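Enquirer: Have a look at this one.
The values are calculated or read from the model by the stated rules, or taken from the named source; none is laboratory data. Because the structure is a prediction, the values reported are computed rather than measured. Because the Cβ atoms are built from the backbone with ideal geometry, glycine has one as well, and the counts that use them run over all protein chains shown. Only protein heavy atoms, including side chains, enter the accessible area calculation; ligands, DNA and RNA are left aside. Shrake-Rupley method; radii C 1.70, N 1.55, O 1.52, S 1.80 Å.
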Amino acid sequence: EKTIEPAVLVEQPDGTTKGWIQLCREVNALRSNLPSFVAKLGDLYEARQTISKKRRLLQRDHNHTSSLWQSLACEVASPGGPWRLKVDLEAPKEAPPAFRKHHRVVLVFPTSWPQSLPSIRFTGQLRSLYVKPPDEDKSDHVHEASSKLLARLQEAVGPITCMWRQTGGCNATGDREPEKDRLCGENVPLGNSGFCDCNGDGLMNGAEPGYSCESSPGSCETRCPQEVQKGRYDLHGLLSQLHRSLGGALHPSDQTAWQRTASTFEEDASTVVKYAAYGRKHEELFWANGLKLEDAIDPRIFKLIFKVFNGTRYSRAEAKKQLLASGLIKEIIPDLVFSFPVFTLEFCTLLMEEIRNFYGSKLPARRPNSMNNYGIILNEIGLEPMIFDLQDALIQPLASVLFPLEGSELESHHSFTIRYKGGEDTHLDVHTDDSDVTFNVNIFGNYTGAPLVFCGINGEPDHRHFRTAYQHQLGYAIIHKGRHRHGAEDITGGERMNLVVWSYSYNYRHSKESIKVHQREAAKPDERCVSYTHDRDFGRYKAWPEGKKERFLGRGWCPPRGKEYVAWHWRIEKRERERASEGGREGGSEGARELLRDKLFHNSLLTPS
Ligand SMILES: O=C(O)CCC(=O)C(=O)O
Ligand SMILES: [Fe+2]
């Protein structure tokens, strides 16, 4: 097979096709004989979304349901690039303890593959000489390949120099005379027969030109397309190197620096290592492919996803229609919040056993977000692979159809449990998530109260307007955009535990579409939608809960200055009430009233209430 490919490469003028065929065959070859360093090999697929030079997101809506589960026949289809592949790599046996886990890597291949490297992003917890620290601004938990890694990968491939291959008998296809081969740039005098071996594989194939004694190429360099003279990557080799990079230095001169970053990672991941030593309850959850989908996922939703995403190519709109028509996925707020059964009761129990086992270890766990003190960050106890399994099987397909902008290409996640209980945290103040798509499932419930309130989308004129209150159900999930304002109200009895997965899209976070533009609030905010943690004007609308004023007054940021609701002020409200009771007397023009309101509003801003 190896000898066929160069022919295809040289013959096909269209770079997209040749790159695709090459890559697709490589993925199939890998799948049919999975190397020991690959723990989980995702599907190769055409990007559902790309990002333009001007950082705009471009959607491709024809391919949202194709090849999420299946691989395409390489020669039948020639999908447009870039192509995407997710792989979980093992770490080498000799790797330091913190590295001994499955490492998710996202590869995005350009159409110039195999001449160019794909983008390489490690999306699990990792710190190493070979990855950049996550971008603070983006906070997407993504570790891009460092320039050191790229340099090492390039070195390893090296340039293939094309060659003049000499043949006998003044015949280009005559017997080979290897001792008379010449370098690519060398001049070939008349009187020699042979061919320009552009791809360096020793064979005359594809469009490689042959010469009898009466003609000469000059030098082969002038006869071979530039791109085939350069080095070519191969997927197996690339993954094997990435695997090695997870256990130590790729080059002796990187040794010291590698050790230094590795010891920092050992500190970051110390809870994972300690918890493994203490004893995990359900070991399989800590490894890729460990989540037994048939047992863990509600069979009805499992079947539905299989039906919609594994077979017919539906448009995105059609896929969404089918999901909703099933009656299993309910639209809690049209286009914005969806709910569906997800975990079996057995799996909820199993998960709770693991969480309680961790509590039992008394190991320190960081708080999941700035507002809850009793949850656990799951990635920091080692459950990252379980969440990737869940993201692959469920969150990604659903999000790509329900939230195409934010959810077409999810790569990383921040996942945690959150607990409400009398005497501990009893609620979660209204907020937006630092996620692109949030998946939230109730895994333990023996409680009353604690509804999840939804308001509007952050930055929109109605972002502090009450939309609905959702009551969780054991094993059921809701999925919504991170930008959707929400909060959990007081629990009135018992205990509630939820698993929350914040998924991130690298594309979205790097696009203009993710830039928040606040519009002016259109109406007076609802009491249930103001936040003592985030809102500057909280006290204007709601009495401060006990102890919160001292802590949060003056610290809010939302809405940004000048974007608050302008048409409300207590003096105006009082006057309007009076006017209403006077009975229908007209009070000046709408414009004049608006002016007065603005003035009053800006005065009131100077002294936060
Ligand atoms: O308790 C809930 O259902 C909401 C949790 C939540 O919004 C969060 O953790 O970000
Ligand atoms: Fe939230």
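Enquirer: Step through the table entries LYS303/LYS421; LYS53/LYS307; LYS138/LYS563; LYS101/LYS512; LYS148/LYS512, compare each Cα-Cα distance with 31 Å, and write down the pairs that go over it.
Expert: Too far apart for the 31 Å limit: LYS303/LYS421; LYS53/LYS307; LYS101/LYS512.
Enquirer: Put a dot 7 Å past each Cα toward the Cβ at ARG561 and SER119; how far apart are the dots in nm?
Expert: Result: 3.6 nm between the two label points.
Enquirer: Hey, another quick one. Using +1 on the beta carbon of Lys and Arg, -1 on that of Asp and Glu, and nothing else charged, what's the dipole of the chain about the Cα centre, debye to 20?
Expert: Computed charge dipole of the chain: roughly 1900 debye.
Enquirer: Set the Förster distance to 51 Å, then compute FRET efficiency between ASP181 and ASN310 from the Cβ-Cβ distance, nearest 0.05.
Expert: 0.50
Enquirer: Hey, can you rank 121-133, 19-31 by average C-beta count inside 10 Å, highest first?
Expert: 121-133, 19-31
Enquirer: Oh, and also: How much mean residue ellipticity at 222 nm does the chain get from its helices, if each DSSP H run of length 4 or more adds -39500 (n - 2.57) and you divide by all residues, to the nearest 500 deg cm²/dmol?
Expert: After summing the helix terms and dividing by residue count, I get -8500 deg cm²/dmol.
Enquirer: What is segment 359-461 by shape, rounded, prolate or oblate, if you read a ≥ b ≥ c off the alpha carbon gyration tensor as root eigenvalues and call it rounded for a/c under 1.5, prolate for a/b larger than b/c, and oblate otherwise?
Expert: It comes out oblate by the Cα gyration axes.
Enquirer: Taking the Cα centre of segment 250-359 as origin and charging only Cβ (+1 Lys, Arg; -1 Asp, Glu), how large is the dipole, in debye to the nearest 20?
Expert: 520
Enquirer: Here's a follow-up. Give the ranking of TYR374, TYR275, TYR506 by solvent-accessible surface, highest area first, calculated with a 1.4 Å probe.
Expert: The most accessible residue leads, giving TYR374, TYR506, TYR275.
Enquirer: Each residue of segment 87-100 in order: what ³J(HN,Hα) in whole Hz does its phi give by Karplus 6.51 cos²θ - 1.76 cosθ + 1.60, θ = phi - 60°, with x for Gly and Pro?
Expert: Computed from phi, the couplings for segment 87-100 are 9, 9, 9, 6, 9, x, 4, 7, 5, x, x, 4, 7, 7 Hz.
Enquirer: Please find the FRET efficiency linking ALA276 to SER147, where r is the Cβ-Cβ separation and R0 is fixed at 30 Å, and quote it to the nearest 0.05.
Expert: So, using R0 = 30 Å, E works out to roughly 0.40.
Enquirer: Another one. Along the Cα→Cβ direction, 7 angstrom out, place labels at GLU424 and LEU474. What is the inter-label distance in nm?
Expert: Going from the GLU424 label point to the LEU474 one covers 1.8 nm.
Enquirer: Can I ask one more? How large is the accessible surface per residue of the chain, computed with a 1.4 Å probe and reported in Å² as a whole number?
Expert: Result: 44 Å² of accessible area for each residue.
Enquirer: Roughly speaking, to the nearest percent, how much of segment 163-229's 1.4 Å accessible area is carbon and sulfur?
Expert: 49
Enquirer: Which entries in the list LYS40/LYS132; LYS40/LYS362; LYS132/LYS548 go over 28 Å, if you measure between the two C-alpha atoms of each?
Expert: Cα-Cα > 28 Å for LYS40/LYS362; LYS132/LYS548; rest within.
Enquirer: Of THR448, THR492, which has the most accessible area with a 1.4 Å probe, and how do the rest follow in descending order?
Expert: Putting THR448, THR492 in descending order of accessible area: THR492, THR448.
Enquirer: Mind checking which aspartates and glutamates have their C-alpha under 18 Å from LYS321, skipping anything on the same chain fewer than 8 residues away?
Expert: Cα-Cα hits under 18 Å: ASP61, GLU331, ASP335.
Enquirer: Please list the non-local residues whose amide H lies under 5 Å from the amide H of VAL131, H modeled 1.01 Å from N, same-chain partners needing a gap of 5 or more.
Expert: SER146
Enquirer: Determine which aspartates and glutamates satisfy two conditions relative to LYS281: a Cα distance under 19 Å, and not lying fewer than 8 residues away in the same chain.
Expert: Answer for LYS281, where 19 Å is the Cα cut-off: ASP295, GLU346, GLU353, GLU354, GLU380, GLU384, ASP389, listed by chain and number.
Enquirer: Something else now. Do any cysteines in the chain lack another Cys Cβ under 4.7 Å, and if so which?
Expert: Unpaired cysteines in the chain: CYS348, CYS558.
Enquirer: A follow-up question, please. Of the GluC sites (Glu not before Pro) in segment 106-178, which ones lie in a loop per DSSP and count no more than 13 other C-beta atoms within 10 Å?
Expert: GLU136
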